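Some notes on the structure that comes next.
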Amino acid sequence: MAPGSNLDHRAKGSMTEQQTLRLESPDEQPALWCSPPPTVDAKGFVPLTEMKLITRVKDGRDRLWQSENGYLVSAQTTFNTGTTAAFGDGYYGIAAEGPIYSLQCVDGKGHDFCLPESGILNFEYLLFNGSEEIWSSRVIRVSRTESPVSKPVTVHFLHNGTSGAPHGFAMLESLGYKVFHHPIHPDTPQLDPLLQVIRGSAQKWPVHLVASGRASEACLEIAQRVSNLASVSIFSGSALRFTPWEIEGETLPHVVCDHSTVQPRGGSILTTRKVYAEAVADRENRDRGRIEVEKIDCPLHFFSGSDDQIWPSAAFSELGAQRRKAFGLEERTTHQTFPSVGYDLGPELGLPGLPTTERTLSHESTGFRLALGGKMGRQSRARRACWEKLIEVLV
């Protein structure tokens with residue numbers, strides 16, 4: 001039995017013989033990014049009846065997450081969550097994006113969804129006609145797959161040490177890549193040890209560098225100094241330095257950015273985009289931090305969201321793309337910006353199987369949460385697109 005087709009459904013006694021409900025789960029093996037979402041198909045109900053579908057699942061920390069999606073029975077007495085748009089404030093899109101994206105934590109607010117180490121999520125579906133529960137079913141969804149790549153490929157994954165990083169590492173590894181992951185922090189700016197590690201890897205086999213957020217700065221500096229790289233992929237990153245990185249005996253100049261002016265919104269949420277934008281408004285300050293991306297001798301791919309509230313990654317990535325093109329590297333440079341999409345893209349925070357309802361990220365050192373930006377439906381589609389693009393690059 002294929003993952004996702006393990007069904008256990010119970011029909012309640014109030015249903016008539018003419019009414020049918022079933023959970024349809026694709027029989028094919030999971031795609032590279034996640035098992036295809038199941039759909040609920042119903043027939044024989046009164047036209048224009050409002051049905052409520054509740055989806056529940058526990059994450060890797062045993063917290064309960066839930067979504068409530070409303071559906072309207074058609075004139076043909078049917079509805080299907082794969083083809084019928086849901087209504088209500090908690091759901092954006094139909095099953096092509098998966099009900100997981102609309103999940104919210106029942107066990108308190110402000111939690112980051114944690115994938116189980118196994119990558120397996122056990123979903124429960126409950127259908128209500130008014131206040132009466134008339135049907136329930138269960139399905140297993142797999143958030144990664146054992147799908148080996150056709151040839152040895154090594155990935156060095158540079159990340160910011162957030163809660164999503166281990167899951168990104170695990171998903172990449174489960175796809176058959178040989179993955180090394182490296183937490184990068186501005187408080188430890190010395191990059192020479194990592195530079196030597198990546199140089200050693202690149203002498204033995206094709207090496208791809210993948211990075212996100214502030215770790216992208218370190219990634220781009222290292223990539224300039226390593227030959228024979230296969231590719232570099234940057235998610236929600238920057239072609240500007242905001243950290244005085246130390247590499248090969250040199251402390252690199254950087255954009256000076258004053259975070260002391262950042263004030264919590266609503267008492268608990270920080271929006272940091274503005275301080276970065278103000279810092280680069282001064283051209284002299286901005287020019288100090290320009291990274292020499294034209295020295296990177298391999299394809300370079302930027303992915304960003306236009307509504308990134310951590311920092312303006314779309315603008316910062318475009319600076320790098322334009323600089324490369326000015327040096328005749330247009331064919332080896334791509335920058336894809338997603339409209340109305342926030343910070344959480346790529347392997348660190350943009351896993352296709354994570355909910356998009358939480359538009360904030362916990363920040364351990366301050367105790368606040370950082371606003372990510374973006375709209376839920378667009379975020380889910382952008383995440384999937386980024387994963388598919390990344391898999392195309394890692395060949």
Sequence-distant lysines (8 or more away, or on other chains) whose Cα lies within less than 16 Å of Lys295: Lys325
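Net charge around Leu191, counting only other residues with Cβ within less than 12 Å of its Cβ (Lys, Arg = +1; Asp, Glu = -1)? Intermediate results must be reported in sequence, preceding the final value.
Numbers: positive: Arg199, Arg225, Arg241; negative: Asp192, Glu217, Glu221, Glu246, Glu248, Glu250.
Surrounding charge for Leu191 is -3.
With Cβ to Cβ distances under 11 Å as the rule, what net charge do the other residues near Gly130 carry (K, R +1; D, E -1)?
Values: positive: Lys52; negative: Glu50, Glu132, Glu133.
Once all neighbours under 11 Å are counted, the net charge is -2.
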When ranked by the protection proxy of mean other Cβ atoms within 10 Å per residue, highest first, what sequence do the peptides 43-56, 162-175 form? 162-175, 43-56
Total charge of the residues flanking Val293 in space, meaning their Cβ is under 13 Å from its Cβ, with Lys and Arg +1 and Asp and Glu -1, is +1
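What FRET efficiency comes out for the pair Asn122/Leu72, r = Cβ-Cβ distance, R0 = 30 Å, nearest 0.05?
Working: r = 28 Å, r/R0 = 0.95.
It comes to 0.60.
Every read-out reported here was derived from the displayed coordinates using simple, explicitly stated rules and does not represent laboratory data. Here the structure is a predicted model, which is why all the values come from computation and not from measurement. Counting neighbours? That spans all protein chains shown, and the Cβs are built from the backbone with ideal geometry, glycine included.
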